[in-house]
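To start, the structure under review is shown below, and the notes come after it.
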Amino acid sequence: MSTTNHGAATLTCPQLLIAQKRFLHQVPHTSSVLDTQVYVFAVRLMGQLVANYDMLQTPEEKYIVTACVQKATEAEKWSEPSIRNAVFTLLRLMLKYKGALDLVIKLDAIHLAFESLSDPSLFVTGSAQKLVTKLIITSVTDHRQSTSEIHKSLIKQLWVVLRSSSDVAKKATVLKIFQDLFHEISNVILEEVNSLDFLQLLNKMIRCDSAVLSREAATLCLVYKRSNPADSSLDLRSEVCNLMHSGHVHVALNLCRQLLLREYQHLADGWPQDFLRQPLIIVCGTFINPLESGQFAAIAKSISKKSACLEVTGICLGGIEQLLQQGKDPCSFAALHTLLQLTSQECQCDVNHSQYRKFLLRQPKIQKAALRCLHQYYQLYLNDETGIGIPDAFVGSAQYLVDSLGCVDLDVTIVSEMLKCLLPAIKLAICHSLLSAEIQMWPEVLDLLGGTLQKRLCDMHWETRDSTVEFVGKICQSCADDTTVNMWIRKHNLHTLSWECVKDGESYVRAGALATVGHLSRDTTIWENMKIVKDISQEDVVHHILTIISTDTEGFARRAAIDLVMRWHKDGNQLQPINDVYRTMVAATKDFDWEVKLGVLTFWGNIIDQVLSNDTLPSYAINLETSKKFKGVVPEEKEFETKVEMLCSIGCCQALLFSVEDYEQSVRKKACELLTALKAKCLDNGLIQANSRSKSSDPLPTCGEINMTTPIFLDSIQRLDLEVLLTENSKSCDSYENNPMDLLDDILASQRQDEEDNAIDCY
Amino acid sequence: MKLYCLSGEPSKPCFILKFKTTTIMLDSGLDMGSLLNFLPVPLVHSSRLSSLKKWKPNDYRGSGKIENELRACGTNVFVDSAPEFTLPQLDILDLSEVDVILLSNSYSTLALPYVTEYSGFKGMIYATEPTLQGGRQLMEELVHYVERMPKGSTANVWKNADILRCLPAPIKDAANPLAWKQCYSLHDVNSSLAKVQMVGFNEKLTVFGAVTVTASSSGYCIGSCNWSIQSDYEKICYVAASSTLTTHPQPMEHSPLRNSDVMIMSQLTRTPTVNPDAMIGEFCMTTALTLRNGGNVLVPCYPSGVTYDLFECLSVHMDSCGLSQVPMFFISPVADSSLAYSNIFAEWLSQGKKSKVYLPEAPFPHAELVNTGRLKHYPGIHGPFSDEFRSPCVMFTGHPSLRFGDVVHFIELWGKSSGNTIIFTETDFPYLYALAPFQPLLMKAVHCPIDTSLNFGQANKLIRDLKPRHLVISERYSHPPALHPHRNDLVIETDPKTIMYKPGSVLNLPIKRTYERVEIEPELAASLVPTEVKPGVAVAMVAGTLVTKDNKHVLKAPSDPKSKVDGLESGRRYYVWGELDMQEFVSKLAQHGITDVKVEDSAAGHIVHLPSDDTLIQIEEGSTHIICEGNEGLRVRLKDILLQCLSKL
């Protein structure tokens, strides 16, 4: 469908309404021949009109809606999930109108929504769930006699589903409805259901085999507790203990997690936290602050099998991570360290004797979860400016990370997590001067890490090479000011190896390496040392980067190279030979990758800003002939003209003009923005006149035309209606999605053309 | 049945099996560990090696001139002489008695010339074609390296026990150096290998009619096999170097090895604590790291086997790291034939590689690497190599012992730079001792042992699967390796049926031969009249002459027709069988005038009472008693009547 039909924009509102009605009127009558997707579109369109324009309120319009929905519920169409979803959504939106409840009842939509509460499509289930919730809430707030009792019957139906349905998915959806209802109208719900019965039922469901159902029931328990804190019949701690004793440790711990997630301040005594970390303490054999023997035994018993042990430990680690994210220290650092050792093949320490080692050894999920927790711990300590909280096991944990990182057959995702952990660890060490001899082991750890990183930069898996080179970049970015780290990078050739990764066979690694080179080049010591060791000049480096921009087969790498050039340009680095840089950037305007082209335009934007805002050209541009003109004092408009002339001579202007006609909308938009800004400045400086369009019918110059002169450029921007272009190019799919009027414009325009017997297929 | 264990090193096996009048040698491995006690033989004169200090024991008072025999390098002492090898204990028995030698892979063939030449050996040698060609390449390379720079003198004085005990470790721990032998000649190699008869997998070969030997794929290297030695009623399996990993050779076959009476297992991995996959990764990583730092990589290797996998994995990794422009050199006197042969042995390769032939493509990527010039191979460093050589590069060359071959030259060349790396992948030699005569060495040394043969876990699983009645293993496999004394998982799980051997031991294998197959001549078989004694079982009397020839037994019709007649007419005995039908017996008695008969059932059978004759007949399964108060005539009559009621044969 054409999205750039400007003619339609001139249609008046009555015309629009007539066309809209005609379109929607046709839908029920032609439903049998309409494509399903067109039908879905029509229903969704109605939904958008309701949501955004408060339309479809008149009896005539309601008739259209009724007819459409009735047709949609016919078996053939109703089997399509997108139809069901669109209808439920439309009806939910319609409920904002008075009397819409009657329409919903008339259409028997309540029955349909209840049926769809366990639909194979999650989207349909979600929209049905929302419709039922909305129906109940609307019924409660609608005081008309005819509909005021509907919510009671609906709640009763939901209650029946909960009590007697064998459909687990449906029950879970009903629980979600109750959760939403408790948030909105808890008092009404509590009037309709017996609290005790309700809690007993939830209790039963928490203990059931279905993880989804037990989770939703547990969550509903929490919602209930929050809605009704005075109800002493629900003692959450007792509930959790009961769950543990009845062998549902994982549900109990999930409940604790939910409590922590929802930050129940009234449970400040921290018992959920104690429960949650207990499995970790048990598997690690570090008996700190044990629970009552009953709970302890229950947890220990539950993790005596591998699958249960893994599940419970996973929940426990998830909870600890959650706490750490909230900035709370669950005091489990030492246990976490032990757990990591338990999972590691290479570990030679006492953990070999743990009975849980056979369950946890080389379990990637547990390893990753534990590493995420460790990362959060390091972040926590990093944010703690006092530094008091750093545990004794810090160096030990870092040592573990470095040792494990050296293991050859490590999973790539684990390597990535380990590197993520090591970054804050090194920062932490620097912050607290651990790199000095205060802790003797630390230099050894760093040394070992250097050797390991060297190898990882040449790893068999590109993912590992990528994450390692990225790690080196981040270290350099955040810690290169530290002398020890700076020396460490140079000692272990991490800078030269990162440069070598720019030539890697895998594009992601090349892209990562280019970003790292950007960070490395910011530190003069490291950067100069790299060039000396590799025996290359800055020109060689720039030339290599430009070669990547021009010849690399992958967009990622080209994008990263453009970013690097931009960064160097921004930082005022020596981008020599600059003419080669400009030439490459002009050529990159024709790249196949739209993100590369956007990068190039950003580069030109920076150049324009720099040239137009400064009195003098950047230092690296002194070799340009045009720069000579800056040396003398010239009139202001002449000076501006010279600057524009320079932009033309380096290819910036022709690149922008070329990009205005690019096949990518985002590129066109960016080019329009830049040209609009440039045009405005030209107007300000009197280079072009307002409202004086050139009458030249020559085509616009293209990128292939070298040496575009200033007059040609100025003529071109005068001929371009940049405002219209910018408006057109600013439209996105979302704008059509959220604002169907423009889409209707298109439809109307195409219809008008039909009438005029001038049919142009807009599809 | 006896098993002679001639080798002291389980990874270089050599057994002799005496079974059913045949003498079978299983493999002929050559232990080259002794090489490490010798000084390297450089390709060009090395002033460093020649200036090494001469060494003699402080309190040596002996008469032999030892001054020129030993040289010291650091704390180690090396023999300055032509290198020597530790042979299997071939003097345990007369090699001329060996009927057949079964070779399982090319690495277990290296002692073959010592066995077959000048020993009176006149038997057969069976091996697959790749084993033969691979063995030939290994031997030719060995001979070439040793003969290329011959040492003028041979050192023997140091082998004297009085001197030996004064030497520092590890040379003083050398086992029986007097038995060490210098390398064979190319003539001996050719002569020995000329005796080899090529076999295919699962091809049945008869050894003097006594046993059938069959090779089945062992998955270790191209053409490597395990052997099953089978008589009609006994089965012995010899499991040599085998691998269950997926590499280039045809996968290991399990079914031919199942349910054997005895399984002899050898050549398990020498690096049980490391995973070959991880080591390949380490190898590739280290190589890429060295190259990215501008250094050269030296890989001491054999000309076949794992080297092919290294080419494949490394080239892929180098591509991935953007190092495709770095050349790989493969220098060996047999490099050309090794690369060429590997690609024509498609039927001996894994399914993946085999299927490439139909595309058509070369099974191994090294063919493509050679074509594109990324892998360059040369017989030696002289000649065209010097024109093509450029640095940095990856150099694959022999010998892994670092005592001879082109590798010695490259260590001398690159050893002074810490940017270069030597990577050890072969497991035959402890790498630190191999490097000892080159110290001090700045070049980085990395150990990435890649041994794809069975580890202990895999071997135990295999044993459980194959279920042999008796298992024969080296006693070394029954306890953890010396470096890992607490790793109880690094052993073969033994039970009372496990038999362990030590070097030089002779084992009596617990197999009792109970049956022997005999064939009946068709003419004689046609004359037989089988009688069915129970469903599916028929018996017949037969008389004939047993003829044994070439370990085959044939029952022929008697040569004298008269004796046949006599045998049938006069000398024939009848055998009665079957169950007595009491009704028939009573009726027969009545026919013979004995009518007063009472039959009672008893727990064991029947009791027949003849009151008028005061006689009792107890009929039980397998026995009949007639109690007739001494009336012999009646007893005989009753016996005859009873026999008439039974079936005859």
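The values are calculated or read from the model by the stated rules, or taken from the named source; none is laboratory data. What you see is a predicted model; the values in this text were computed from it and never measured. Because the Cβ atoms are built from the backbone with ideal geometry, glycine has one as well, and the counts that use them run over all protein chains shown. Remember, those area values only see protein heavy atoms, side chains included, never the ligands or the DNA or RNA. Shrake-Rupley method; radii C 1.70, N 1.55, O 1.52, S 1.80 Å.
List of remarks:
- Over all pairs of different C-alpha atoms, the range B:97-165 has a mean inverse distance whose reciprocal, the Kirkwood radius, equals 14.6 Å.
- Unit Cα scatterers, Debye sum, the protein assembly as shown: log10 I(q)/I(0) for q = 0.06, 0.07, 0.09 Å⁻¹: -0.91, -1.09, -1.31
- Shape analysis of the range B:317-459 based on the Cα gyration tensor places the equivalent ellipsoid semi-axes at 28, 21, 15 Å, largest first.
- Derived scalar couplings ³J(HN,Hα) [the range B:390-404; Karplus, 6.51 cos²θ - 1.76 cosθ + 1.60; whole Hz; x for Gly, Pro]: 8, 10, x, 7, 10, 10, 9, 7, x, 9, x, 6, 6, 9, 7
- Subset of A:Lys171/A:Lys368; A:Lys98/A:Lys176; A:Lys358/A:Lys474; A:Lys420/B:Lys356; B:Lys181/B:Lys354 violating a 31 Å alpha-carbon distance limit: A:Lys171/A:Lys368; A:Lys358/A:Lys474; A:Lys420/B:Lys356; B:Lys181/B:Lys354
- Quarter of Cα convex hull surface for the range B:453-504, i.e. mean projection, nm²: 4.1 nm²
- Dimensions of the range B:370-447 along the principal axes, based on C-alpha atoms and rounded to the nearest Å, stand at 36, 26, 20, largest first.
- DSSP-loop chymotrypsin sites (Phe, Trp or Tyr not before Pro) across the range B:14-114, with at most 15 other Cβ within 10 angstrom: B:Tyr60
- Relative to its residue count, the range A:49-110 spans a Cα convex hull of 76 Å³ per residue.
- Structure note, pairs A:Lys491/A:Lys597; A:Lys491/A:Lys570; A:Lys455/B:Lys416; A:Lys96/A:Lys204; A:Lys531/A:Lys669: Cα-Cα distances above 31 angstrom occur for A:Lys491/A:Lys597; A:Lys96/A:Lys204; A:Lys531/A:Lys669.
- The range A:511-621: Rg to Rh, with Rh as the Kirkwood radius over Cα pairs: 0.96
- Charged neighbours of B:Leu90, selected by a Cβ distance under 14 Å, balance to -4 (K, R count +1; D, E count -1).
- Loop trypsin sites (Lys or Arg not before Pro), the range B:48-148 (other Cβ atoms within 10 Å of the site Cβ: 14 or fewer; DSSP): B:Arg61, B:Lys65, B:Lys122
- Summed residue charge, Cβ within 9 Å of A:Glu216's Cβ, Lys/Arg positive, Asp/Glu negative: +3
- In straight-distance terms, cross-link reach from B:Lys534 covers every one of the lysines whose alpha-carbon lies under 17 Å from its own, apart from those fewer than eight places away in the same chain; here that gives B:Lys648.
- Probe 1.4 Å - accessible area at B:Ser505, Å² to nearest ten: 30 Å²
- Across every pair of non-identical alpha carbons in the range B:265-377, the mean reciprocal distance, once inverted, gives a Kirkwood radius of 15.4 Å.
- Radius of gyration, Dmax [the range B:14-58; alpha carbons; angstrom]: 20.6, 59
- Summed over qualifying helices (DSSP H, 4 residues or more, each -39500 (n - 2.57)) and divided by its residue number, the protein assembly as shown shows a 222 nm mean residue ellipticity of -15000 deg cm²/dmol.
- Scaled to the globular estimate 2.2 N^0.38 Å, the Cα spread of chain B, given as radius of gyration, is 1.36.
- Partner aspartates and glutamates whose Cα lies under 20 Å from the Cα of A:Lys152, excluding those fewer than 8 positions away in the same chain, are identified as A:Asp102, A:Asp108, A:Glu115, A:Asp142, A:Asp180, A:Glu184, A:Glu191, A:Glu192, A:Asp197.
- Projected onto its three principal axes, the C-alpha set of the range B:205-280 covers 47, 21, 18 Å, listed from the longest axis down.
- For chymotrypsin sites (Phe, Trp or Tyr not before Pro), the sites in the range B:332-433 that DSSP calls loop and that have at most 11 other Cβ atoms within 10 Å are B:Tyr358.
- Whole-number percent relative contact order across chain B, with pairs defined as alpha carbons under 8 Å at least 6 apart: 13 percent
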